[in-house]
Amino acid sequence: LMFADSKRKQMKEKLDYTICNFCSSLCNIEIRSLTDGETSRIVKLEGNPHSTLNRGRACARGQSGLFQTYDTDRLKTPMIRVEGSKRGEMAFRKATWEEVYEYIAKNTKEVKPWEWTTVGGWTNCVFYMNWAVAFSMANQIPNIVASPMQHCVTTGHLGTDAVTGNFNIHDEILPDFDNARYIMYIANNGSMGAVSTARVVRAAEGIQRGAKIVVLDPRLSETAAKADEWVRIRPGTDLDFAMAMMNEIMSKDYYDKSFCTKHTNLPFLIEKDAEGEWQIIRDENGNFSVYDEVTASVQKVKSHDNANELDINGQRIIPALRLPEGVMVKGKAVQTVFEAQLDEIKHVTPEFAAKTTTIPAEDIVRIAYEYSHIKPAIIDPGWMGARYNNVQMLRRTQAMLQALIGGIDSKGGWINAAEVRHKVHTTHEARMKGEKQLHPLATTAGMPFAEMVVDVFSNPKNFNHGKPAWAYAFAEQQKAAGKPWVSLPVMADTGLFESVRGEVEYKGEKYLTKAFFINGANPVHHYFPDSYWKEMLNHENVSCVVCMDVLPSDTTAYADVILPNSTYLERDEPGVYGNGVNQDLGLTTRFKAIDPLYDTQEVTDVMFKMTEIISGKAGVEAYYQTIDNLAGLSAEKAKKYVAEEQAKGTAAPIAAAYRRVSMEHAAHEVGETPETFEKVLREKGVYYIKTMDELLEEAAMPQKMPVPTKSGRIEFYSGLFEMIRGNSTTRAPNFGVLATHFPSGILGEKVLQDRMLGDGEFYFTYGKSPTVSHGSTNANNPVLSAINTFKEDIYTGIWINPTRADKLNIKTGDKIKITNLEDESLNVDGKAYVTNQVQPESVFMYSSFGTENAALSRAVGFGSAINKVIGYKVDPVVAGFRSQEFTIKVEKV
Amino acid sequence: MAHYAMLIDLNTCTGCNACMAACAVENQTPFWSDKWRTQVHDISKGKSDEDAMRVFFPRLCNHCDNPPCVTVCPTGATYKMDNGIVDVDDDMCMGCQACTLACPYDARYALDYDDNTEKKAVFGEETLKKTRPGVDKCNFCRDRVEDNRLPACVETCVGNARQFADLDNPNDPVTQIINSGIAEPLMAHLGTKPNVYYIPVKKQTVHFERGTFNGQKSEGGLHPMGGENGTTFERKQNEDMHGHTEHHAAFDANSPFANTPNAQITDLLREEA
């Protein structure tokens, strides 16, 4: 009953460094392989001990990552849907790369560039942004759906970033949990429970140093379980709680007066125009007005600056937050932004919030006091945001609360990610010198970057066919028809269904979507509801669906052509990247540990081939040039190196060539030879340039340089929303230039205290498990799947409070059905998990399960999918998903 | 000589399962058959809503100084090393499972022929660590420790909940925490002298409204809003209904709310035992 001893002892150990691929935390990873000189096998992954981002740690997904590579369910060859079968029926045949490219070319011959839609996940976005954005531009394809923009990034981050100016697509802020003494999490299990390792390692340090943790959540989430105080809030009322806190802090003067006066636009003078809209007072040069306490007079401060210490003539001033009686500008009564903001929310008192949140007013009062008096304090900005109409406003309010205590870019407060800061710093210096910045993808951050991205997709002049993205065409069409429309539908799916069905017109012509290129994204499983995407991908107007991925997914089931991708452990990547959200400034990249196990390809090479199919040889030339223009990676060098790599017979010559270009480019930027630079990366996985402390000393924002908002200050009166308001006629409260209270939308316009739920009626809530990342197939990972099975009751159960479950005669393990009461066709079966760890009005489900594709042998049929019960509802600003804005009924089946 | 021990801070274990994954990969355990050297349990405590508690509870071999598994082993396969680690010699183990039954911590599992067959496919034949059936358990990642590395679970613990100590080194900061008496081992009353110490969880305060509406009893914290006369809100001024005010920690001495007692430390472990 024994096996022969393995060869293990004779094999040699080898270390390589890479970046984890299972969430956008981008942890640095050390790969341990054993090799006998001929073949290598990866035996263990760990956090890279040289990394100050994740400090040598990796979560369960990171630890299990090698089993994605060794997963027997992997896509091993290109595949083509069998003729005569329908998409979704999963009838595929193996094919060669030549065959699949021929197939795509044949089936898209009639497809115009704008009739393509690309769908990408974060892999595409973070690691291949230079190639993905340039792919769109070079091929004249204005249509990108990017996941998880609507679920998370644009909703939550844009709310935060309206205040701080930081927009960077991905993470902008990593709070200094290490040094905080009071930490709040609001509507946010993402950063701890769903495990952003960079955040958890710091928060744990904070807890062990004695920080107090307060968590608002309707459920005893992984984060709430770590709290000193679990605030068991009613779903959808977090904004009420946060605004009541803000009301307390502002009206009782608990804020950091010096910071607010100096670095925010709270002291700026503001008035209401004839239409009742708030307008900040500016002169013809854009300078703002403040009331100076020293001279007791109105003075002007610069249109763009980081501080309000000097007026435009260089005189020292102390701007007032509250005005004395009777201050007038041009004969009109004015207020400060501070006073106006307080007026906007003054009705949101702790007593008001107590009724909606079900949290006693005295607790809200006490938490507001402690938050503003125990220093330093943090409200985690939230690593996830969407779900309700007012979540974007919640994130704005959280950022304002953080600014009110002066906790921006300071020890124990929010720290701007070093990569963002570096770009802002570079932009600031170019601005001071009056120079124009080249290569925007590599150099621009903050609101200028957001504006550039919006322009790319919305401005028809960017494309020779004169069409913007269908999302913008659809918005215009809706607006013209007097129907609701989305103001900034960047990389969102709004209008896509209509475009597929032939219901979108632009300048009198049909704007159709006929072909999809889906790369590393799984919209059938993670967009809402699943039936939309299934119908769309199966629609007769769609002539070709191309999916590129590592594993089959619920989405690849609907492909005509499947392109297998190498995993992150099998590839040297073409880019050199910033070190994620790290507070320290550094560079990193991926080194492969083993050669690809199967007949797989690299994203860059596939994109070039797709360009040849869509746009021909001229398109390929334009692609090289566009990458050069956007990212500064020399087209000349790239072409030369591609020829060299092709001559060598390299499997993915374009990726290999761009890696050389990127290494040389990055080495030049940091003043190293490419050889030395690459050596450091190979030996340590990270190349550090400056520490957080050095960066704060040199370029703290707003203390040392302007933040990337319009005005350079931390903005309570939002320049971003002022711009959106100017471009549209919408007056939805979402667009308020100041923070404004409005309900979640679960009960429409009503606040939640207006109605009580019926007997079997519940609020619906969901969240991520620590083991499965957004949109991914890692529920199929053998190790993660085993952990999920070990915790099956908790992870796949539908959480329901015993007081409610008893009434419905439901016990743990009972089969139940939950049905969306707004649309009863949306429902899902599952098993009950009866627990007092969920607020009695709510049910909760983990969002990670319910995979349908049988080719995922471990994940299929495990648990229930949330997107069978969630309908399609988006917010008017960025089309963020309002995915919890409904109530459900629960029945035993 | 070293004497190895582990400290687990239950206040920072986030239930992320990284240790389970790290251990399963490092030690090639048959996780597909639910066989683990370490597990993190997700425990519900508290019968009522205000007592609701969720505790993540990592478990592993306790490397006892008085190990029952060693006493009962008929072949001497299970043995205690000078550095405190309890390990199994695969060549001597006959798979009788006496140790599995003797262990009060349920820390051992049988490794059978089927497991080994599957292991070849999952972990790769050429890199297999153990090739014999028998019994498997945590050995504090002995190979790693002898190589001056931390056990895989400790190395990766994102919440820094797991820490590794050398009890023979009085300057070891983790040893100092253990010596401070803040942490305690599991089921010490059995006389096993375990070497895994736990810092117990702090008592958590749960906030929600316990009230009545127009004299109606609320439903387990569910406050029925609305009613005939709109949204009149009435809160019962009864101390029993205000459980949330009892456990506030006075974190800020100047706070007007500072007159409440410090958060209590409850003894999770003794209750568990």
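Yes or no, residue by residue, for (1) within 21 Å of A:V874 (Cα to Cα); (2) in contact with a Cys (Cβ under 6 Å, 6 or more places away or on another chain); (3) crowded, with 24+ Cβ neighbours inside 10 Å; (4) at pLDDT below 90:
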{"position": "A:F716", "(1), (2), (3), (4)": "no, no, yes, no"}
{"position": "A:V737", "(1), (2), (3), (4)": "yes, no, yes, no"}
{"position": "A:T740", "(1), (2), (3), (4)": "yes, no, no, no"}
{"position": "A:L747", "(1), (2), (3), (4)": "yes, no, no, yes"}
{"position": "A:T771", "(1), (2), (3), (4)": "no, no, yes, no"}
{"position": "A:A779", "(1), (2), (3), (4)": "no, no, yes, no"}
{"position": "A:I800", "(1), (2), (3), (4)": "no, no, yes, no"}
Practice item. Specify which of the listed residues (A:G850, A:G861) is of a type outside the set (D, E) and within 23 Å of A:P218 (Cβ to Cβ). Key: A:G850
Practice item. Could you list, in sequence order, all residues of segment B:28-51 that are modelled with pLDDT of 95 or more, surrounded by 22 or more Cβ atoms within 10 Å (Cβ to Cβ) and assigned to a helix (DSSP H, G or I)? Key: B:F31
Review point. Where in segment A:391-448 are there helices (runs of 4 or more DSSP H), lying wholly inside it, with at least 3 residues that are buried (at least 24 other Cβ atoms within 10 Å of the Cβ)?
Key: A:391-404, A:418-433
Review point. Is it the case that segment A:549-561 has a residue that's more than 25 Å from A:G632 (Cβ to Cβ), assigned by TED's automatic domain parsing to the domain that holds A:V642 and assigned to a strand (DSSP E or B)?
Key: yes
Point to revise | Boolean, A:S883 is in the same structural domain as A:K807 (by TED's automatic domain parsing), assigned to a loop (DSSP other than H, G, I, E, B) and under 19 Å from the mean Cα position of the chain (by Cα) | key: yes
**Study point:** Residue in segment A:377-401 that is farthest from the other protein chains (Cβ to nearest Cβ), counting only those that are in contact with a strand residue (DSSP E or B) (Cβ under 8 Å, 6 or more places away or on another chain) and not small (G, A, S)
**Key:** A:R387
Exercise for review: May I ask you to list the residues in segment A:648-691 that are more than 28 Å from the chain's Cα centre (by Cα) and of a type in the set (S, T, N, Q)?
Suggested key: A:T650, A:T673, A:T676
Point to revise | Sole exception among (1) within 29 Å of A:P49 (Cα to Cα); (2) hydroxyl-bearing (S, T, Y); (3) modelled with pLDDT of 95 or more for B:T127, by number | key: (3)
Check your understanding: Within segment A:279-314, how many residues are of a type in the set (G, A, S) and in contact with a Leu (Cβ under 9 Å, 6 or more places away or on another chain)?
Key -> 1
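Residues A:V163, A:V153: which one is buried (at least 24 other Cβ atoms within 10 Å of the Cβ), touching a strand residue (DSSP E or B) at 6+ places or on another chain (Cβ under 7 Å) and of a type in the set (A, V, I, L, M, F, W, C)?
The unique qualifying residue is A:V163.
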Exercise for review: Select from segment A:329-361 the residues that are at pLDDT 95 or above and assigned to a strand (DSSP E or B) and write down the one among them that is surrounded by the fewest Cβ atoms within 10 Å (Cβ to Cβ).
Suggested key: A:Q335
**Study point:** Per-region count, segment A:772-804, residues more than 20 Å from A:N853 (Cα to Cα) and within 7 Å of chain B (Cβ to nearest Cβ)
**Key:** 6
Review point. Within the bounds of segment A:250-260, is there any residue that is in contact with a strand residue (DSSP E or B) (Cβ under 7 Å, 6 or more places away or on another chain) and under 24 Å from A:G719 (Cβ atoms)?
Key: no
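Kindly indicate which of A:V737, A:V680 is touching a residue at least 40 places away in the same chain (Cβ under 8 Å) and hydrophobic (A, V, I, L, M, F, W, C).
Sole residue among the options that is touching a residue at least 40 places away in the same chain (Cβ under 8 Å) and hydrophobic (A, V, I, L, M, F, W, C): A:V737.
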**Study point:** Spans of strands (runs of 3 or more DSSP E) in segment A:2-70 with at least 2 residues within 8 Å of another protein chain (Cβ to nearest Cβ) and touching a residue at least 40 places away in the same chain (Cβ under 8 Å)
**Key:** A:40-47
**Study point:** Pairs, first without any contact (Cβ under 8 Å) to a residue 12 or more places away in the chain and in a helix (DSSP H, G or I) in segment A:636-647, second of a type outside the set (D, E, K, R) and surrounded by 20 or more Cβ atoms within 10 Å (Cβ to Cβ), C-beta under 6 Å, six or more apart
**Key:** A:Q646/A:P653
Point to revise | Condition check for A:A138: under 30 Å from A:D628 (Cα atoms), crowded, with 24+ Cβ neighbours inside 10 Å and touching a helix residue (DSSP H, G or I) at 6+ places or on another chain (Cβ under 9 Å) | key: yes
Revision key, fill the gap. Only one of (1) on the phi > 0 side of the Ramachandran plot; (2) facing chain A (nearest Cβ under 10 Å); (3) touching an Asp or Glu at 6+ places or on another chain (Cβ under 9 Å) does not apply to B:G84, and that is (2)
Study note, to complete from the structure: Residues of segment A:217-229 being at the interface with chain B (Cβ under 9 Å from one of its Cβ atoms) and within 26 Å of the chain's Cα centre (by Cα), in sequence order, are A:L220, A:S221, A:E222, A:T223, A:A224, A:A225, A:K226, A:A227
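Rundown of residues vs (1) outside the structural domain of A:A779 (by TED's automatic domain parsing); (2) in contact with a Leu (Cβ under 8 Å, 6 or more places away or on another chain); (3) surrounded by fewer than 22 Cβ atoms within 10 Å (Cβ to Cβ); (4) in a strand (DSSP E or B), yes/no style:
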{"site": "A:D793", "(1), (2), (3), (4)": "no, no, yes, no"}
{"site": "A:A805", "(1), (2), (3), (4)": "no, no, no, no"}
{"site": "A:T812", "(1), (2), (3), (4)": "no, no, yes, no"}
{"site": "A:D823", "(1), (2), (3), (4)": "no, no, yes, no"}
{"site": "A:K831", "(1), (2), (3), (4)": "no, no, yes, yes"}
{"site": "A:N836", "(1), (2), (3), (4)": "no, no, no, no"}
{"site": "A:P840", "(1), (2), (3), (4)": "no, yes, no, no"}
{"site": "A:F844", "(1), (2), (3), (4)": "no, no, no, yes"}
{"site": "A:S848", "(1), (2), (3), (4)": "no, no, no, no"}
Practice item. Select, from A:V327, A:V348, the only residue that is away from chain B (no Cβ under 11 Å), within 19 Å of A:T261 (Cβ to Cβ) and either of a type outside the set (D, E, K, R) or free of Cβ contacts under 8 Å to residues at least 60 places away in the same chain (or both). Key: A:V327
Point to revise | Residue tally, condition surrounded by fewer than 21 Cβ atoms within 10 Å (Cβ to Cβ) and not in a loop (DSSP other than H, G, I, E, B), over segment B:72-87 | key: 4
Exercise for review: Among what's in segment B:164-190 and is over 20 Å from B:N11 (Cβ atoms) and modelled with pLDDT under 95, pick the residue that is surrounded by the fewest Cβ atoms within 10 Å (Cβ to Cβ).
Suggested key: B:H189
Practice item. Collect the residues in segment B:1-48 that are touching a strand residue (DSSP E or B) at 6+ places or on another chain (Cβ under 9 Å), aliphatic (A, V, I, L, M) and more than 7 Å from chain A (Cβ to nearest Cβ), keeping them in residue-number order. Key: B:A2, B:A5, B:M6, B:L7, B:I8, B:L10, B:V40, B:I43
Practice item. Kindly list, by first and then second residue, each pair from a residue in segment A:830-853 that is within 14 Å of chain B (Cβ to nearest Cβ) and among the hydrophobic types (A, V, I, L, M, F, W, C) to a residue that is assigned to a loop (DSSP other than H, G, I, E, B) and crowded, with 24+ Cβ neighbours inside 10 Å, limited to pairs with Cβ atoms under 8 Å and residues at least 6 apart or on different chains. Key: A:V834/A:N801; A:V838/A:P218; A:V838/A:L220; A:V838/A:N801; A:F844/A:P218
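The values are calculated or read from the model by the stated rules, or taken from the named source; none is laboratory data. Fair warning: this is a prediction, and the values are worked out from it, not measured in the lab. In this analysis, Cβ positions are derived from the backbone assuming ideal geometry, glycine residues included, and neighbour counts consider all displayed protein chains.
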